[in-house]
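Here the structure comes first, spelled out in structure tokens, and everything after it is commentary.
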Amino acid sequence: MRLLVKYLLYLFTSLILLIMLALPTTADSPQHEPPAAVPIETTVSPAMVRLGYAALRGHFTAFRSVAETERLLGSTTTALSQQQFYQILARTPNEQLTAAPREYFLGIEGEILPLEAWAQLGIVEVPGTRLFKAAEQVSWQAAQQDLARAVFPQLRLQNEPAVVSPQQVYSYQQLEEDLQRLVTSYPELLKLQVIGESVEGRAIYALRLGEGEEEIILDAAIHASEWLTAPLVMKLAEEYAHHAHYQTDFASHDVAALLKEVSFWFIPMVNPDGLNLVQAGPQAITNGALVEQMLAASEEIESFKAWKANIRGVDLNRQFPISWEVLENVQEEPAPSHFKGFTPLSEPEARALSEFALARQPLLTLSFHQQGEWLFWYHKQKGAQFDRDQRLAAALAALTGYRYQYYDDNGGKYMDFVIQELGVPAITVEVGTVVGDLQQWPRIWQQVRTLPLVAAKLRLQDQ
């Protein structure tokens, strides 16, 4: 009985293939009439199955002779690329999602196809790499499985969606939800801890990936308006964990092997109060009247969307005790940006970051900011330290296409603190050209997705 069911399923799937192939093809596909010598079947038969597969194998060119059909059926591939095969699959009746759409693939090349919806419905299988390789050939087995799942819902898969959806206004609430889901998804790789609290009591999280003795710290969203860097760092954490878990390379990097030597700490949101103000306005914070007064007094910033400071009007990246006393280009009173505070490390967010760095003694720190597509790396290094850090910055600039140069500013930044207090490289990565522009996400992702991996390898070589 089971063999009969399998045979009927085999015949039915073949019929579906033939019916779809009989539909009009795209405008640029060659059109051919079947040769007269080949009989046209009116019922499902083994000959029709062979002819249907042969037509697919020949990429819409023609029905072939019986001899050639038999030869073609000896192959294990369809001679169709994934792009071409899914163009066929797209002709099947499309089902509507009943749940909110989710993300499954890192990137979909070529013609826009409903792959995300198909993955959510369980029709197509999402590979461990989460990449859709448009030019890769499709095997007969994969083609039959996808078509069968399109026809029979009971055969469908349950793909695991991506946790982090970076192309959205990324809130503190979303951050907390995603952190918990990531730790649940990859418990053997990820560990979560709280390293401090903001002025309004929001947790400042650090997510550890790996068990390597050497450590690298990544931080983001120290400036409130630069919130887009938070989902960027979260996406880096997820993809590195995902590929390590499935033992697959990420852009030709063996993440699992690297994590035996290096642990990454991701601090995705240093300034959660300020970020909440930027996204939800003064009504979403405890002392809305105070921030409205600061904004009204500002001559540089006209909207909460451009607010950089924490909720008390202190620029957290002017808070660190390196050349703090002689800082220039600062405000004298609390303001939306550029007020360094009345004393160094007066703000809990800055203290949390500095204490964490001192406790971990990292091999390198990477701080993600916006904007400009720059890499900043210098603060008064000399000799071998200068040469080492400049060499690293030059390599990362070549990787990303970002600019870098000898840039001597006046201190107070977290980067300056790490360079001088810890004696290790610290790179500030300024992503994008417009602050908060989600349309730039694909470009930003392509530029920096491997930067932490490459930086880690280069630092290990220096040891």
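Looking at 393, 456, 352, 359, which is the one that is farther than 21 Å from residue 206 by Cα and of a type in the set (A, V, I, L, M, F, W, C)?
Among 393, 456, 352, 359, only 393 is farther than 21 Å from residue 206 by Cα and of a type in the set (A, V, I, L, M, F, W, C).
Being at pLDDT 95 or above, closer than 14 Å to residue 452 by Cα and not hydrophobic (A, V, I, L, M, F, W, C), is that true of even one residue in the stretch 403-418?
no
Rundown of residues vs (1) within 30 Å of residue 88 (Cα to Cα); (2) of a type outside the set (Ser, Thr, Tyr); (3) touching a Cys at 6+ places or on another chain (Cβ under 7 Å), yes/no style:
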residue: 165; (1), (2), (3): yes, no, no
residue: 180; (1), (2), (3): no, yes, no
residue: 193; (1), (2), (3): no, yes, no
residue: 218; (1), (2), (3): no, yes, no
residue: 240; (1), (2), (3): no, no, no
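Among 326, 330, 262, which is in contact with a His (Cβ under 7 Å, 6 or more places away or on another chain) and either surrounded by fewer than 18 Cβ atoms within 10 Å (Cβ to Cβ) or at pLDDT 95 or above (or both)?
330
From the list 441, 377, 445, pick out the single residue that is at negative phi, among the aromatic types (Phe, Trp, Tyr) and in contact with a strand residue (DSSP E or B) (Cβ under 6 Å, 6 or more places away or on another chain).
After applying the criteria, what remains is 377.
Quick one: how many residues across the stretch 193-215 are among the hydrophobic types (A, V, I, L, M, F, W, C) and not in a strand (DSSP E or B)?
Total meeting the criteria: 1.
Based on this model, can you work out whether residue 243 counts as in contact with a helix residue (DSSP H, G or I) (Cβ under 8 Å, 6 or more places away or on another chain) and open to solvent by 10 Å² or more (accessible area, probe 1.4 Å)?
For residue 243, the condition - in contact with a helix residue (DSSP H, G or I) (Cβ under 8 Å, 6 or more places away or on another chain) and open to solvent by 10 Å² or more (accessible area, probe 1.4 Å) - is not met.
Could you please tell me which pairs satisfy a Cβ distance under 8 Å, a separation of 6+ or placement on different chains, a first residue in the stretch 389-418 that is free of Cβ contacts under 8 Å to residues at least 60 places away in the same chain, and a second residue that is loosely packed, with under 15 Cβ neighbours inside 10 Å and not in a loop (DSSP other than H, G, I, E, B)?
397/403; 404/394
What is the number of the single condition among (1) assigned to a loop (DSSP other than H, G, I, E, B); (2) farther than 26 Å from residue 266 by Cα; (3) not hydroxyl-bearing (Ser, Thr, Tyr) that residue 379 does not meet?
Status for residue 379: all satisfied but (2).
In the stretch 352-384, which residues are surrounded by fewer than 17 Cβ atoms within 10 Å (Cβ to Cβ) and out of contact with any helix residue (DSSP H, G or I) (no Cβ under 8 Å at 6 or more places or on another chain)?
Answer for the stretch 352-384, where residues must be surrounded by fewer than 17 Cβ atoms within 10 Å (Cβ to Cβ) and out of contact with any helix residue (DSSP H, G or I) (no Cβ under 8 Å at 6 or more places or on another chain): 355, 359, 372, 382, 383, 384.
Got a sec? Which of 205, 186 is under 21 Å from residue 345 (Cβ atoms) and open to solvent by 10 Å² or more (accessible area, probe 1.4 Å)?
After ruling out the rest, the residue left standing is 205.
How many residues does the stretch 302-322 hold that are surrounded by fewer than 24 Cβ atoms within 10 Å (Cβ to Cβ) and assigned to a helix (DSSP H, G or I)?
Of the residues in the stretch 302-322, 3 are surrounded by fewer than 24 Cβ atoms within 10 Å (Cβ to Cβ) and assigned to a helix (DSSP H, G or I).
What are the residues in the stretch 146-172 that are open to solvent by less than 10 Å² (accessible area, probe 1.4 Å), over 15 Å from residue 125 (Cβ atoms) and out of contact with any Asp or Glu (no Cβ under 7 Å at 6 or more places or on another chain), if any?
Passing the criteria: 166, 170.
Scan the stretch 387-402 residue by residue and report those that are part of a helix (DSSP H, G or I) and within 23 Å of the chain's Cα centre (by Cα).
393, 395, 396, 397, 398, 399, 400
The values are calculated or read from the model by the stated rules, or taken from the named source; none is laboratory data. What you see is a predicted model, and the numbers here were worked out from it, not measured in a lab. With ideal geometry, Cβ positions are generated from the backbone for all residues, glycine too; neighbour counts draw on all protein chains shown. The accessibility values were calculated without ligands, DNA or RNA, using every heavy atom of the protein model including side chains. Shrake-Rupley method; radii C 1.70, N 1.55, O 1.52, S 1.80 Å.
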